[in-house]
Amino acid sequence: MERAKWNDLEISATDIASDYQKEAEIRKVSGKELICPDPECESPLLKYCHGEKKSAYFAHLHDGNCDYEQFDRQPSILREIRYQLYESFKGKGYDVEIEKKILKHHYTHLILKDGEKKIAVELGDKTVSYSKITEFESQYTGLGISCKWIVVDEINPKIREDSVYFLKRYELNRSTENELFVIDVNTRKIAQYKMDMRSYPPQYIVALNKKYGQIFFMQGEIEDVCLEDKHLSLPGFSLKYSAWLEQKSQFVEEKEKRKLIPVHKSSSGAEKGFAYGNMQQKPASTMISRSNGITRQSTVFEDGLTTDERARQYNAKRLKEIEELIEKFRNFSQYRQNNVLNYAKKIMEWQVFSSLEEMPLEEQFAKILRMLPQEKFNKVKRQMI
Ligand SMILES: [Zn+2]
């Protein structure tokens with residue numbers, strides 16, 4: 001064990017071992033005055049050990065239940081990383097405590113305080129069970145403390161939410177942040193991941209995932225980890241994440257713009273059951289047409305319209321609706337414009353809109369409107385009645 005109490009003072013085995021005078025002093029009281037730091041320890045008398053094979057440690061003189069001893073049995077890498085984070089946070093001037101017993105029979109690795117907010121930092125690996133995660137979560141919530149797991153494993157820049165083990169999935173799905181931290185056992189670098197929870201038009205999801213992925217990734221040194229906006233972060237993470245989201249939105253916007261230009265399309269989409277908005281319908285027959293010397297095949301639906309015609313109609317309808325809503329928005333008071341804009345942002349489910357901040361309200365609104373899927377678009381429309 002790393003820590004012990006002597007004369008009501010906490011001492012650390014590593015610290016004692018670093019100084020000959022201190023070690024000589026502690027050896028005099030070893031097994032007599034050294035006490036286990038766990039207040040519920042059944043057999044609190046400790047001895048100090050420091051040989052040549054193992055680094056210095058404290059051990060119980062007699063057997064007995066002890067939560068601190070249990071906690072200290074975790075792989076030594078967790079202890080090393082815990083102390084590395086602790087020293088780094090202290091160096092940044094943060095209010096941080098290490099190895100605190102605030103839950104039942106459990107030691108919290110680190111507790112960070114930022115004003116009223118307290119964050120319990122737990123280090124874990126793939127062995128952490130579902131019941132442990134949820135038990136801690138409920139106890140921390142009861143104490144008004146938020147809990148953040150840092151997973152000790154290997155870093156993989158490209159991960160998929162459905163192919164990682166439960167502790168990682170749990171962090172990615174936590175509704176407030178959707179963020180995961182991983183420290184690499186070999187390189188000791190730290191990675192921050194954030195899952196994009198926005199919804200996109202279904203026809204672009206495959207292309208978006210291929211180009212950008214569903215999870216944003218950034219890597220840094222353990223010493224880089226800091227508090228940003230009262231939560232753990234690599235410096236500048238949220239800005240980079242927003243820029244990434246913006247790229248994804250622009251990708252969709254570009255695709256949508258291209259779709260709105262009434263170009264002739266091949267019929268292959270329609271034959272696969274390709275839908276334009278909610279106008280999905282089974283093709284009834286195929287029509288061959290010839291123009292400019294190019295033979296084209298076009299699907300005719302039961303209502304007598306071809307694929308091209310249906311796409312044109314759908315796009316024209318959508319464009320008209322967008323224009324109408326922007327016109328309506330223009331005539332609102334600034335107060336109402338702000339309300340509507342905030343509502344649109346809320347249902348768009350972006351976390352950060354910093355890229356839009358410089359634009360006039362109307363332009364922001366138009367931009368968001370063009371990207372909203374039909375169902376959410378209709379919600380904004382209803383809000384503006
Ligand atoms: Zn003990």
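The values are calculated or read from the model by the stated rules, or taken from the named source; none is laboratory data. None of the values given here were measured: they were computed from a predicted structure. Ideal geometry is used to build each Cβ from the backbone, glycine not excepted, and the neighbour counts take in all protein chains shown.
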Practice task
Only one of these is charged (D, E, K, R) and farther than 30 Å from Glu116 by Cα: Glu171, Glu161. Name it.
Solution key: Glu161
Problem - Complete set of residues in the range 230-249 that are over 19 Å from Pro157 (Cα atoms), in contact with a helix residue (DSSP H, G or I) (Cβ under 7 Å, 6 or more places away or on another chain) and not small (Gly, Ala, Ser) - result: Glu246
Exercise for the section: Would you point out which residue out of Gln70, Gln74 is free of Cβ contacts under 8 Å to residues at least 60 places away in the same chain, assigned to a helix (DSSP H, G or I), surrounded by fewer than 18 Cβ atoms within 10 Å (Cβ to Cβ) and within 16 Å of the ligand (Cβ to nearest atom)? Expected result: Gln70
Exercise for the section: For the range 29-47, state whether one or more residues are assigned to a helix (DSSP H, G or I), more than 12 Å from the ligand (Cβ to nearest atom) and among the basic types (Lys, Arg). Expected result: no
Exercise for the section: Could you tell me which numbered condition Asn65 fails, if it satisfies all but one of (1) within 12 Å of the ligand (Cβ to nearest atom); (2) surrounded by 16 or more Cβ atoms within 10 Å (Cβ to Cβ); (3) of a type outside the set (D, E, K, R)? Expected result: (2)
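Filter the range 48-62 for residues that are away from the ligand (no atom under 12 Å from the Cβ) and part of a loop (DSSP other than H, G, I, E, B); which is surrounded by the most Cβ atoms within 10 Å (Cβ to Cβ)? Let's see the steps before the verdict.
Of the residues in the range 48-62, the ones away from the ligand (no atom under 12 Å from the Cβ) are 48-57.
Keeping just the survivors that are part of a loop (DSSP other than H, G, I, E, B) gives 50-56.
Values: His50: 16, Gly51: 8, Glu52: 4, Lys53: 4, Lys54: 8, Ser55: 12, Ala56: 18.
Of everything passing the filter in the range 48-62, Ala56 is surrounded by the most Cβ atoms within 10 Å (Cβ to Cβ).
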Handout entry: Filter result for Arg82 (without any contact (Cβ under 8 Å) to a residue 60 or more places away in the chain and either outside the structural domain of Ser175 (by TED's automatic domain parsing) or within 16 Å of the ligand (Cβ to nearest atom) (or both))
Key = no
Handout entry: Where a residue in the range 22-42 is at negative phi and β-branched (Val, Ile, Thr) and its partner, wherever it lies, is surrounded by 12 or more Cβ atoms within 10 Å (Cβ to Cβ) and in a helix (DSSP H, G or I), with Cβ under 6 Å and at least six apart
Key = Ile26/Ile16
Practice task
Using the structure shown, decide if Tyr212 is over 15 Å from the mean Cα position of the chain (by Cα) and surrounded by 14 or more Cβ atoms within 10 Å (Cβ to Cβ).
Solution key: yes
Practice task
Look at Val128 and say whether it is over 20 Å from the mean Cα position of the chain (by Cα) and surrounded by 17 or more Cβ atoms within 10 Å (Cβ to Cβ).
Solution key: no
Fill in the blank from the handout: Taking the range 341-363 and the residues there that are more than 25 Å from Thr176 (Cβ to Cβ) and touching a Lys or Arg at 6+ places or on another chain (Cβ under 9 Å), the one that is modelled with the lowest pLDDT would be Met359
Practice task
Would you be able to say whether some residue in the range 131-145 is touching a helix residue (DSSP H, G or I) at 6+ places or on another chain (Cβ under 7 Å), more than 29 Å from Tyr20 (Cα to Cα), away from the ligand (no atom under 16 Å from the Cβ) and not assigned by TED's automatic domain parsing to the domain that holds Ile26?
Solution key: yes
